[in-house]
Amino acid sequence: MIQKILTTKRCISLKNQLRIYSTAVVQNSDYIKFNNTGQIPFPKGLILDQNFIIDQQEREKCVQESKDVFRIFSNSVRGATNFKRRILNFHSKSFEKNVPEYMPTVYSFIRKAFEQGYHEHFPNTIQINQYDDDTSYSCPMHVDAKSLGPTISMISLQSTAVMDLCVDPPPNVSQEEVEKMPPQVQVLLTPGSLLVMSDQIRYEWLHGIKQQEQEWNGSKINKQERQSIVFWYQ
Ligand SMILES: O=C(O)CCC(=O)C(=O)O
Ligand SMILES: [Fe+2]
């Protein structure tokens, strides 16, 4: 039985069943804001460990490995130029072959996330997002495809961003309207943090990074070059 209480987010992992241990603590930590104007309960399945990769050298190694694979596998890189984001995926056999070989440090942190009980199965897919050093980079509000499995984890690197989350509205609400909706939850994604999404936050909530300027507790967040390493089992 894995039993782990994580200091910053107070979650408990029992037999791989992750639960928010004390939502009251999670709701308004220094890193998570809950704007409960609509009287909705805090969503289940949101876990943030902002101290996941505390060693700066380890973080730098992860960044370098990700940059290297963008160069080595440049033919497989997809671009979302309007969002100032480039994307590279490894899945299944190519994950098993390439991630341990070209991204050993990143792989060790995927293992750490698995060993901490965040994933029931060892992840077999990785998506590396590389955002430009541009204040207008963004990641549109979305629910990750249902086919990607029950738990999606994400390591943030290089610079801080604010992730907005809100309840997925009915399908007649347009993407443009969704982008204007006020977030019900906001998460400060600092370099080296791990965000794990399962349960309600995974399937019933949208997440994204807005295009406009961001702030946290009144301080401007400088959107600079940023990487996110997303991984899951499907
Ligand atoms: O880069 C991020 O922080 C979010 C990425 C994301 O949600 C995705 O790739 O699905
Ligand atoms: Fe996503």
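Where a number appears in this text, it was derived from the coordinates with a stated rule and is not lab data. Keep in mind that what you see is a predicted model, and the values were worked out from it rather than measured. A quick note on method: Cβ atoms are made from the backbone with ideal geometry, for glycine too, and the neighbour counts reach across all protein chains shown.
If we count other beta carbons within 10 Å of each Cβ, what is the order of 204, 65, 215, fewest first?
Ranking 204, 65, 215 by Cβ neighbours within 10 Å, fewest first, gives 215, 204, 65.
Full-extension gain between residue 111 and residue 175, please, as 0.36 nm times their residue separation minus the C-alpha to C-alpha distance.
Between residue 111 and residue 175, full extension yields 19.5 nm more.
Placing +1 on the Cβ of each Lys and Arg and -1 on the Cβ of each Asp and Glu in the stretch 98-165, which of 98, 149, 165 has its Cα farthest towards the positive end of the resulting dipole?
149
Using 29 Å as the Cα-Cα cut-off, could you pick out the over-long pairs in 97/146; 93/210; 112/146; 93/180; 67/97; 33/84?
93/210; 93/180
Given 0.36 nm per residue, what is the gain on full extension from residue 142 to residue 102 after removing their alpha carbon distance, in nm?
Length difference between fully extended and current span is 11.4 nm.
Roughly how big is the chain's charge dipole about its Cα centre, with Cβ charges of +1 (Lys, Arg) and -1 (Asp, Glu), in debye to the nearest 20? Kindly include the intermediate steps, with their values, before the conclusion.
Details: 26 positive and 25 negative charges, 82 e Å.
Computed charge dipole of the chain: roughly 400 debye.
Between residue 36 and residue 57, what is the FRET efficiency for a Förster distance of 45 Å, r being their Cβ-Cβ separation, to the nearest 0.05?
0.70
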